[in-house]
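The values are calculated or read from the model by the stated rules, or taken from the named source; none is laboratory data. On a predicted model such as this, the values are computed, not experimentally measured, just so you know. For neighbour counting, all protein chains shown are included, and Cβ atoms are generated from backbone atoms with ideal geometry for every residue, glycine included.
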Amino acid sequence: MDSDDDFVVNYSERPGTPIELVQSAAKANQELLPTKSKNRYEEAYNSYEKWKGSKGATSNSETVLLAYISEMANTKNEYLKPTTLWARYSMLKAMLNILQKVDISSYATVTAFLKRKSDGYVPKKARVFTEIEIQQFLDSASDEVWLDVKVVCVFCMFGTGRTHKLLSVRMSDIARYGDMYFVTIPTVNTKTKEQNSFATRGAMLDIVRKYENLRLANVITNRFFLNYQRGKCTVQLIAKS
């Protein structure tokens with residue numbers, strides 16, 4: 001699939017729908033992907049389709065997807081971090097949904113496999129505070145005063161230490177899987193393709209979820225980080241200090 005090609009439209013599968021409406025819908029499909037990372041989504045999809053062809057697979061069943069993700073995770077030629085596996089899974093999920101109307105988010109064995117690969121993994125990053133010091137802060141600091149800072153600490157420990165990136169995180173950048181959140185930090189530097197992502201579970205997830213649950217129903221913005229004062233979130237965006 002070339003990045004400049006239109007999506008293939010099968011008009012015979014849509015009887016009773018005017019051609020111009022089908023074409024408009026197909027064009028809208030192309031706009032569902034993030035503009036800056038569209039090529040990476042297409043590369044992920046093309047790699048998967050090429051792999052399927054090499055294996056003689058014709059379906060997108062749960063077994064096929066699990067085999068593909070497992071093979072990626074265990075390849076001897078390239079080590080893929082758990083966050084990279086999650087990112088490729090997310091891109092593939094979006095492409096299959098758009099191009100083939102297949103929803104792989106219900107494939108429990110695939111997400112279970114990815115969660116298992118994420119267990120115990122902590123990205124190596126330089127930090128001002130040690131992990132022990134951060135953990136002590138998370139355990140002992142008052143949530144009424146410091147809950148938003150705790151969430152920032154979780155994001156910095158597992159995702160990115162750059163606050164300008166955190167400010168760009170949206171509610172839609174977080175995939176929720178019951179006992180785990182998978183967060184994709186949007187790319188803010190157009191000169192690099194780097195895209196941070198991470199999974200959080202257990203006590204760390206409890207912190208993030210507690211903050212998220214304080215979000216007011218009348219908040220208009222899709223931005224995740226909101227101003228936090230005295231145990232409550234406001235409708236204002238959090239500011240970089």
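Miscellaneous remarks
- Elements of type helices (runs of 4 or more DSSP H) contained in the stretch 93-181, each with 3 or more residues being modelled with pLDDT of 85 or more: 108-118, 131-140, 143-158
- Every test in (1) at pLDDT below 80; (2) under 19 Å from Thr184 (Cβ atoms); (3) in contact with a helix residue (DSSP H, G or I) (Cβ under 7 Å, 6 or more places away or on another chain) is passed by Thr35 save one, and that test is (3).
- Selection from the stretch 78-107 of residues that are over 19 Å from Asn46 (Cα atoms) and free of Cβ contacts under 8 Å to residues at least 12 places away in the same chain: Tyr79, Ser106
- Output for the stretch 74-92, where each listed residue is at pLDDT below 85 and aliphatic (A, V, I, L, M): Leu80
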